[in-house]
Structures are given as C-alpha cells and as structure tokens.
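A.B. asks: I'd like to ask you about the structure that follows.
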Amino acid sequence: MKIKQIVAALTLMIAFIVSSCQYDVVVEPEIPPIDPEVPISFKDEIAPMFSDANCLGCHSGNVNPNLSPATAYNAIVPNLVDTANPEESSIYFVPAPGGNHPQKYSAAQAALLKGWIEQGAKNN
C-alpha cells in the first residue's frame, strides 16, 4: 500500500512539474521588403502607424512631438528626421523594436518608417 502511495505522489509531482513548464518561443515576424520604387504615403501609411503603435496615448498634444494626424508631419519633419542617415532619425530609432521608449513600433512598422525616410520623408 505504501508503494502505491509513493508512486501516486511521485506521479502527481511529475505531472505538476511537467504541466508548469512553459516555453515561450519567439518567432521573429517576417518583414515584408520595402520596394523603393513604390512611394510610401505619409497620410495613408505613416501617420496611422502612430495610432497603431499607441503613440497617441502621450503624443496627442500633451507631450512633444504631437503625432495627431493633423500635426504629425510638421512635428517630426525636419527636426526628428535625417534623410541622409535614416537610422539616425529620432522618430525611427527611439521607438524602434530594440529602443528604450515605452511604446515601440513593430518590426514591419519600423521598416516602413525607415523606407519612408529613405524616400525623402515626403508629405504625401
């Protein structure tokens, strides 16, 4: 009888240990290539990204830059954009996936923003 209790207790302990294991597998999302020949629209692709990345929680008038759709372009260009070195643009690297900003772009959003800067950061 004691052996059955020991086996049962061990079985329960093993089941508990195995069921409590959790593996978080991080799969890097595939970043779609940015075609330099296809213009990236600030109005249709970049400005909505600030809302999607939750930037407007802070940057909607109370904290600079104001990234509200009506003011975003003038708030970031030219002060936060460096078309000669897109990776050095504050609007790109501060909220980038590896950056230290509380809200971050997704890898795809960061690639799109970088592509827009590479295309000249046009107000289109």
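The values are calculated or read from the model by the stated rules, or taken from the named source; none is laboratory data. For clarity, every value in this text was computed on a predicted model and none was experimentally measured. Note: ideal-geometry Cβ built from the backbone for every residue, glycine included; neighbour counts use all protein chains shown.
A.B. asks: Within region 58-68, track down each residue that is surrounded by 14 or more Cβ atoms within 10 Å (Cβ to Cβ) and more than 17 Å from the chain's Cα centre (by Cα).
C.D. replies: Answer for region 58-68, where residues must be surrounded by 14 or more Cβ atoms within 10 Å (Cβ to Cβ) and more than 17 Å from the chain's Cα centre (by Cα): Ser60, Pro65, Asn66, Ser68.
A.B. asks: State all residues of region 55-77 that are over 19 Å from Glu88 (Cβ atoms) and aliphatic (A, V, I, L, M); if no residue qualifies, say none.
C.D. replies: Correct list: Leu56, Val63, Leu67, Ala70, Ala72.
A.B. asks: Something else now. Could you check, for region 26-38, whether at least one of its residues is within 18 Å of Asn123 (Cβ to Cβ) and in contact with a Cys (Cβ under 7 Å, 6 or more places away or on another chain)?
C.D. replies: Checked against the condition, which is being within 18 Å of Asn123 (Cβ to Cβ) and in contact with a Cys (Cβ under 7 Å, 6 or more places away or on another chain), region 26-38 yields no hits at all.
A.B. asks: Condition first: surrounded by 15 or more Cβ atoms within 10 Å (Cβ to Cβ), hydrophobic (A, V, I, L, M, F, W, C) and in a loop (DSSP other than H, G, I, E, B). Now tell me which residues in region 73-124 satisfy that.
C.D. replies: Hits for region 73-124 are Val77, Leu80, Val81, Ala96, Ala121.
A.B. asks: Now for a different question. Quick one: count up the residues across region 48-64 that are closer than 20 Å to Pro97 by Cβ and either in contact (Cβ under 8 Å) with a residue 24 or more places away in the chain or in a loop (DSSP other than H, G, I, E, B) (or both).
C.D. replies: Restricting attention to region 48-64, the residues satisfying the condition of being closer than 20 Å to Pro97 by Cβ are 48-59.
From what's left, either in contact (Cβ under 8 Å) with a residue 24 or more places away in the chain or in a loop (DSSP other than H, G, I, E, B) (or both): 49, 52-55, 57-59.
Of the residues in that region, 8 qualify.
A.B. asks: Can you name the condition, by its number, that Ile34 falls short on among (1) hydrophobic (A, V, I, L, M, F, W, C); (2) modelled with pLDDT of 90 or more; (3) under 19 Å from Ala108 (Cα atoms); (4) assigned to a loop (DSSP other than H, G, I, E, B)?
C.D. replies: Looking at each condition in turn, Ile34 falls short on (2).
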